[in-house]
Structure formats: structure tokens, C-alpha cells
């Protein structure tokens with residue numbers, strides 16, 4: 001069914017049991033992200049740089065979002081699905097920009113994901129990623145830590161997101 005203009009997106013989060021089964025046996029650096037699922041992490045650029053060092057060797061997909069952003073809300077179900085589907089081989093992380101922590105936490109409660117998001121109220125993390133202009137924006141980082149692609153705007157489906165992940169960081173597209 002196609003969503004009409006102004007329709008409210010619905011969560012596509014799998015059950016906790018389904019998510020746990022899908023992400024079991026993840027490598028330790030990715031498992032560490034799964035343990036922080038759905039959390040809003042403080043610490044700014046230093047914390048984010050530590051994360052990037054921790055997941056080096058794995059592809060990283062960074063989704064910049066905000067609770068107030070309608071297109072971000074519409075694409076979150078795609079990230080809920082793709083992160084569970086590919087979470088044993090790809091690191092996922094969110095960057096919540098220009099947002100209040102209370103609004104971001106409420107959003108994550110409504111749209112739970114299997115990875116953490118970093119609070120970025122002043123877009124300092126986004127600046128590291130050269131992603132300060134658009135919402136949403138998805139940044140692809142290769143196994144060496146280099147940015148290889150930026151997708152501006154919302155993903156319309158999990159399959160479109162997964163296609164870009166396979167093409168830009170898994171080399172299978």
C-alpha cells in the first residue's frame with residue numbers, strides 16, 4: 001500500500017526475539033553497537049571518533065536524522081529493516097542533529113533501531129562527515145574509514161538502502 005501525503009509512518013522494528021536471532025554471532029565490534037541499541041549517546045566528536053576507530057575494518061553506514069524531520073521519519077522503517085538484515089557485517093549508527101535529547105529519545109522509542117545514535121545538537125559530528133546541509137543524509141564509510149558515498153534525502157525502501165549498502169561498502173552491487 002502506498003503512503004499518502006501527510007500519512008504517518010509506522011515502525012517496522014522486528015520483535016526483540018527476531019532481532020536477537022538475526023544479530024546473534026555478530027563480530028565483537030558490531031555486537032558492541034547492538035548492545036547500545038536505540039540509545040542516544042553523548043560525547044560529541046571525540047565519542048564519535050572513538051566509535052569509528054572501534055569499527056574500523058567493517059563498513060559503516062551513518063544515518064543523520066532528527067525527530068522534527070518528516071523525511072527522516074518516513075525513512076526510519078527502512079533503517080530498522082536493513083540494520084537487522086545486514087547488522088552482522090555492517091556497522092550502523094545514527095547521528096541526531098539539531099535536536100533536543102528528549103525529542104530524540106521519544107522518537108527512538110517510537111522507531112527503535114538495533115544501533116545507537118549520537119547526539120549532535122550543533123552538528124559537529126555532521127561536520128566531521130561533511131554532512132551538515134541536508135536531513136536526512138546517509139554517509140557510507142569503507143573498511144579503512146574513508147567516506148565513499150553520501151546519499152541525500154530519504155530512502156523510500158529497505159531494498160533501496162540495502163542496494164546502496166551492497167554497492168558502496170560491501171562491493172556487491
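Computed values, structure above
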read-out: Extended-chain gain in nm, criterion 0.36 nm per residue less alpha-carbon gap, residue 24 and residue 68; value: 12.6 nm
read-out: Within a Gaussian network of the chain (alpha carbon springs, distance under 10 Å), most fluctuating of 160, 83, 66; value: 160
read-out: MRE, 222 nm, helices only [DSSP H, n ≥ 4, -39500 (n - 2.57), over the chain, to nearest 500]; value: -12000 deg cm²/dmol
read-out: Euclidean distance between Cα centres, region 71-90 to region 125-153, Å; value: 16 Å
read-out: Nitroxide proxy distance, nm - points 7 Å out along Cα→Cβ at residue 17 and residue 147; value: 4.3 nm
read-out: Reciprocal of mean inverse Cα separation for the chain (Kirkwood radius, Å); value: 15.8 Å
read-out: Region 45-137: Cα Rg divided by the 2.2 N^0.38 Å rule of thumb; value: 1.01
read-out: Paired Rg and Dmax values of region 12-97, which use every Cα atom, in angstrom; value: 12.9, 35
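All of the numbers you see were taken from the coordinates with simple rules; none came from a lab. This is a predicted model, so every value here is computed, not measured. Methodologically, a virtual Cβ is constructed for each residue, glycine included, from the backbone with ideal geometry; neighbour enumeration extends over all protein chains shown.
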